[in-house]
Amino acid sequence: MKYYTSTTEFNCGIDLHARQMYVCVMDRQGKKLVHTNVKDNDFVFFLKLVQPYRHDLTVCCECMFGWYWLADACQAAGLKFVLAHALYVKAIHGGKNKNDRIDSEKLTHLLRSNLIPPAYVYPAQKRPLRALLRQRIFYVWRRAELLARIHSHQLAHNRIPAKQTRRVRDPWEEQLLAAEDHPLRQLALKNDLAMIRHFDHQIFQLEEELQRQTKQLASREYALLQTVPGIGETLGLTLLYEIGDIERFPTVKDFLSYCRLVKGTVASAGKIKGLRGAKLGNPYLRWTFGEAAVIAKRDHFKIRPLAQQLEARMGGNKFKANTVVAIKLARAVYFMLKNKTVFEPERLVAALARN
């Protein structure tokens with residue numbers, strides 16, 4: 001766990017909510033200078049409260065769902081802003097009593113004591129593109145649920161599900177409707193098919209815009225990512241916008257940890273008692289590298305036999321074997337983006353052969 005080092009004389013902890021924020025300002029010695037609730041998240045009023053300390057002030061809040069506006073407002077006002085990792089902070093200052101007043105005070109104590117575990121403040125100018133990408137992923141997952149729903153309903157009536165593709169759905173829809181004779185089930189089927197069509201249209205529009213924006217903003221990095229086995233246009237976009245600036249990861253271990261590809265250990269008296277931290281990090285990157293590992297193992301002629309050998313050594317555990325491949329791909333992506341180099345399959349093959 002890493003900690004933020006505060007260099008200012010005054011520190012402000014904010015317990016942020018959707019409609020209010022509890023503010024606490026302290027000096028280096030821990031003397032409370034401001035400790036009050038700000039209704040309606042009135043930032044102008046907040047600036048009046050901290051006016052005597054603005055010249056040397058750091059503001060901190062936890063990374064709950066509504067931190068974007070506060071980070072942007074602090075940046076516009078020229079205030080230093082720190083985003084605290086909510087789960088790590090909970091582990092540090094957990095106590096018997098908990099309320100907004102106590103939380104803001106404890107957050108300020110942690111900030112002035114250099115015990116804030118920081119989270120990454122994703123740049124404001126890049127957030128709209130990342131939000132667009134996540135919207136696309138959300139739509140794809142919802143569409144997949146509808147397709148699975150139709151598939152299971154066909155099996156429930158002892159029918160062989162008709163084959164379909166994303167690009168040509170007309171023959172598939174005709175076969176499904178022709179096989180369904182009950183008017184109510186046919187109505188339900190038409191509703192699902194209409195939603196799938198709508199998702200197709202929206203996803204296609206999102207993909208066109210994402211491709212256009214990426215070619216203008218990060219065409220080189222995007223092209224580099226697509227040289228990796230298993231990473232195509234969509235997974236490349238996900239990696240590009242979820243990683244952001246690769247320089248924010250000092251080492252490849254930090255990157256793998258952020259991608260949820262390594263777990264922490266619980267040890268005592270020299271003995272490992274278990275694992276923890278499986279859900280610490282970015283879920284989109286974990287999903288992306290998992291998908292890339294499966295595709296690379298399926299399609300790449302050099303990776304496929306090595307991945308099969310790895311799976312056999314692991315007792316047929318596909319999940320563990322895929323995770324190892326995902327880790328190797330993630331390491332390759334890290335150094336590619338760091339050094340601006342294309343993928344070298346020989347190095348990946350050598351790394352898999354050593355496992």
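Bridge orientation summary for the chain: considering DSSP beta bridges with both residues in this region, about 70 percent are antiparallel. Near D15, once Lys and Arg are set to +1 and Asp and Glu to -1 for all other residues with Cβ below 11 Å from its Cβ, the sum equals -1. For the listed peptides 110-117, 7-14, a ranking on the average number of other beta carbons within 10 Å per residue, highest first, reads 7-14, 110-117.
Do the alpha carbons of any pairs in K253/K340; K106/K338; K31/K98; K163/K328; K215/K320 sit beyond 29 Å of each other, and which pairs? Checking Cα-Cα distances, K106/K338; K163/K328; K215/K320 exceed 29 Å. Most simply put, segment 1-99 has about 60% antiparallel DSSP beta bridges, counting only bridges with both residues inside it. If Lys and Arg each add +1 and Asp and Glu each add -1, what is the summed charge of the other residues whose beta carbon sits under 14 Å from the beta carbon of A71? So the environment of A71 carries a net charge of +1. The loop-placed trypsin sites (Lys or Arg not before Pro) in segment 233-330, going by DSSP, that have at most 10 neighbouring Cβ atoms within 10 Å of their Cβ come out as K279. In the complete set of protein chains, residue-level accessible area for Y222 is approximately 10 Å², probe 1.4 angstrom.
To the nearest ten degrees, helix 283-299 and the longest principal axis of the Cα atoms of the chain are 30 degrees apart. Taking only alpha carbon atoms, segment 59-176 gives an Rg to Rh ratio of 1.27, where Rh is the Kirkwood radius. In the context of the full set of protein chains, residues of the chain present 55 Å² of accessible surface per residue (probe radius 1.4 Å, heavy atoms only). For the set S257, S6, the ranking by accessible area, highest first and with no ligand, DNA or RNA atoms included, is S257, S6 under a 1.4 Å probe. Whole angstrom only: what separates the Cα centroid of segment 202-242 from the Cα centroid of segment 104-120? Their Cα centres are 36 Å away from one another. Within the full protein context, the accessible area of K32 is estimated at about 90 Å² for a probe radius of 1.4 Å.
Calculated from DSSP H runs of 4 or more alone, at -39500 (n - 2.57) each and per residue, what is the 222 nm mean residue ellipticity of the chain, nearest 500? Result for the chain: -18000 deg cm²/dmol, rounded to the nearest 500. Coordinate range of the alpha-carbon atoms in the chain per principal axis, descending: 74, 56, 45 Å.
Oblate is the label for segment 157-273, because the ratio a/c of its alpha-carbon gyration tensor axes (a ≥ b ≥ c) is 1.5 or higher and a/b is not greater than b/c. Taking all protein chains as shown and a probe of 1.4 angstrom, L49 keeps an accessible surface of around 40 Å². Residue order by solvent-accessible surface for F199, F255, F138 is F138, F199, F255, largest first, with ligands and nucleic acids left out and a 1.4 Å probe.
The values are calculated or read from the model by the stated rules, or taken from the named source; none is laboratory data. Quick caveat, the model's predicted, so the values are computed rather than measured. Ideal geometry is used to build each Cβ from the backbone, glycine not excepted, and the neighbour counts take in all protein chains shown. We work out accessible area using only protein heavy atoms, side chains counted, and drop any ligands, DNA or RNA first. Shrake-Rupley method; radii C 1.70, N 1.55, O 1.52, S 1.80 Å.
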